[in-house]
Amino acid sequence: YPETFQTKTHEYQWSVIAEHPYIIASYLWNMFDFASASRNEGDILGLNDKGLVTYDRKVKKDAFYFYQSAWSESPVLHITSKRDIARREPATDIKIYSNCDHIHLKVNGQDCGHPDREDNILIWKNVSLKKGENRIEASGKKGTVELTDQCKWVLLDKKK
């Protein structure tokens, strides 16, 4: 399943837990992707890929940063879906997980204005991408710490 499905699931589950203070315990399934011989789903056979970090421990998935931005006092700023490089629609939502106070987003050097914000989730809606390569840049500040994150997305020609 796509990583965006995982993050939406975690966002929803956390919102339900946060709204019900009588829920005294919960847990995440699972910190790392792991081998599962009988599993026959997704791109890789024998792998449960529901972890917050990849099997080889090299990539922290978006859901990892969702929890880090919600639970940590350390500053966090993370553009989601940054590995989903090939884009097919010229208007897209851009989501950032952050616990910073002020976050600025630029696409191709242009300021994207103010996002919709709910706690640590910020969404800029219907941001325009140009054909070809697009540079996404975010910056934020928490206390005296300044953070940046960036990625490149490519808007594909719809004919291809």
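General observations
- Top-ranked residue of segment 1-12 - restricted to ones that are open to solvent by 80 Å² or more (accessible area, probe 1.4 Å) and modelled with pLDDT of 90 or more, ranked as farthest from residue 56 (Cα to Cα): 12
- Restricting segment 132-160 to residues that are of a type in the set (Lys, Arg) and surrounded by fewer than 12 Cβ atoms within 10 Å (Cβ to Cβ) leaves a set whose member that is nearest to residue 65 (Cα to Cα) is 152.
- Look at segment 95-114: where a residue is farther than 12 Å from residue 78 by Cα and a partner is β-branched (Val, Ile, Thr), sitting 6+ places away or on another chain with Cβ atoms under 7 Å, you get 107/127; 107/136; 112/127.
- Members of segment 31-57 found to be within 24 Å of residue 121 (Cα to Cα), touching a strand residue (DSSP E or B) at 6+ places or on another chain (Cβ under 8 Å) and open to solvent by 50 Å² or more (accessible area, probe 1.4 Å), listed by number: 31, 32
- Filtering segment 115-131 to residues that are polar (S, T, N, Q), under 26 Å from residue 12 (Cα atoms) and open to solvent by 40 Å² or more (accessible area, probe 1.4 Å) leaves only 126.
- Some residue of segment 62-71 being assigned to a loop (DSSP other than H, G, I, E, B) and out of contact with any helix residue (DSSP H, G or I) (no Cβ under 6 Å at 6 or more places or on another chain): no
- A single member of 11, 19, 41 is among the acidic types (Asp, Glu), more than 17 Å from residue 83 (Cβ to Cβ) and touching a residue at least 60 places away in the same chain (Cβ under 8 Å), and it is 11.
- Scanning segment 82-98 for residues that are within 23 Å of residue 146 (Cβ to Cβ) and crowded, with 19+ Cβ neighbours inside 10 Å yields 94, 95, 96, 97, 98.
- Condition check for residue 104: within 19 Å of the chain's Cα centre (by Cα), assigned to a loop (DSSP other than H, G, I, E, B) and surrounded by fewer than 17 Cβ atoms within 10 Å (Cβ to Cβ): no
- Take the conditions (1) surrounded by fewer than 18 Cβ atoms within 10 Å (Cβ to Cβ); (2) out of contact with any Gly (no Cβ under 8 Å at 6 or more places or on another chain); residue 62 misses just one of them, which is (1).
- For the criterion of being modelled with pLDDT of 95 or more, in contact with a helix residue (DSSP H, G or I) (Cβ under 9 Å, 6 or more places away or on another chain), within 28 Å of residue 133 (Cα to Cα) and of a type in the set (Ser, Thr, Tyr), residue 81 passes.
The values are calculated or read from the model by the stated rules, or taken from the named source; none is laboratory data. Since the model is a prediction, treat every value here as computed from it, not as a measurement. Glycine also receives a Cβ, built like all others from the backbone with ideal geometry; neighbour counts cover every protein chain displayed. Only protein heavy atoms, including side chains, enter the accessible area calculation; ligands, DNA and RNA are left aside. Shrake-Rupley method; radii C 1.70, N 1.55, O 1.52, S 1.80 Å.
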